[in-house]
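Notes for the one structure printed next.
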Amino acid sequence: MKTLFVSYRVTDLDRSLGFYTALGYVELGRVDTGDGSHLVILKFPGEPAASLELVHRPVEGRVDVGSGFDHLAIQVDSLDATVGRLTDAGLEPGPVEYPGGPQGPKTSWLTDPDGYRIELVEWPPGHADGITAADFS
């Protein structure tokens, strides 16, 4: 088994698509589910398949993220370049942080239009792609 994608319910589909495309996602496809509702499937250009679904159900009203969700983590090649690109696109990434110290990963936080938090992560040189068991040994 493997995870197919994360799914977020969104209040304003156009605003959310603007945010996520500025972040770097591209639309893979969409499904009209009736009553003005849509599912929009996104992926990063380098990914082989979908990784994020935006669910827009306007009849259900405004999204309340609640306290059960924490954040989505996205790996980037260059955090400085990504933060600059996002700032130029009108998004508001937070300051670059070093949660593991100066030799660890660099991170920056961002919040989408509905309040979902996103952690941007740049691994230090030589770190494996993604998180592996080696990160816990």
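Each row is one residue, and each column tells you yes or no for (1) under 30 Å from R30 (Cα atoms); (2) of a type in the set (A, V, I, L, M, F, W, C); (3) out of contact with any His (no Cβ under 8 Å at 6 or more places or on another chain).
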residue	(1), (2), (3)
E60	yes, no, yes
L72	yes, yes, yes
D88	yes, no, yes
L91	yes, yes, yes
E97	no, no, yes
L110	yes, yes, yes
Y116	yes, no, no
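Look at the range 82-115 and say how many of its residues are out of contact with any Phe, Trp or Tyr (no Cβ under 9 Å at 6 or more places or on another chain) and either part of a helix (DSSP H, G or I) or among the hydroxyl-bearing types (S, T, Y) (or both).
Final tally of qualifying residues: 10.
Can you confirm whether T82 is under 24 Å from P125 (Cβ atoms), modelled with pLDDT of 95 or more and of a type outside the set (F, W, Y)?
Taking the combined requirement at face value, the residue satisfies it.
Here's a check for you: in the range 1-47, which residue that is of a type in the set (S, T, N, Q) and outside any strand (DSSP E or B) is nearest to P113 (Cα to Cα)?
S16
State which residue pairs qualify: first residue farther than 25 Å from P99 by Cβ and inside the range 55-76, second residue open to solvent by 70 Å² or more (accessible area, probe 1.4 Å) and in a loop (DSSP other than H, G, I, E, B) in any location, beta carbons under 6 Å apart, and separation of 6 or more residues or different chains.
Listed by first residue and then by second, the contacts come to V59/D35.
I'm trying to understand the selection: among the residues of the range 74-87, which are farther than 27 Å from H56 by Cα and either open to solvent by 30 Å² or more (accessible area, probe 1.4 Å) or not β-branched (V, I, T) (or both)?
If the condition is that a residue be farther than 27 Å from H56 by Cα and either open to solvent by 30 Å² or more (accessible area, probe 1.4 Å) or not β-branched (V, I, T) (or both), then D77, S78, L79, D80, A81, G84 are the ones that fit.
Please enumerate the residues belonging to the range 3-33 that are open to solvent by 30 Å² or more (accessible area, probe 1.4 Å) and among the small types (G, A, S).
Hits for the range 3-33 are S7, G18.
Any idea which of T3, T21 is at pLDDT below 95 and polar (S, T, N, Q)?
Just one listed residue meets the conditions, T3.
Mind telling me which of the residues T111, T107 ends up being under 28 Å from V63 (Cβ atoms), in contact with a Lys or Arg (Cβ under 6 Å, 6 or more places away or on another chain), crowded, with 16+ Cβ neighbours inside 10 Å and among the polar types (S, T, N, Q)?
Criteria check complete, one pass: T111.
The values are calculated or read from the model by the stated rules, or taken from the named source; none is laboratory data. Just so it is clear, the model here is predicted, and its values are computed rather than measured. Heads up, the Cβs are rebuilt from the backbone with ideal geometry, glycines too, and the neighbour counts pull from every protein chain shown. Surface accessibility is based on the protein's heavy atoms, side chains included, excluding ligands, DNA and RNA. Shrake-Rupley method; radii C 1.70, N 1.55, O 1.52, S 1.80 Å.
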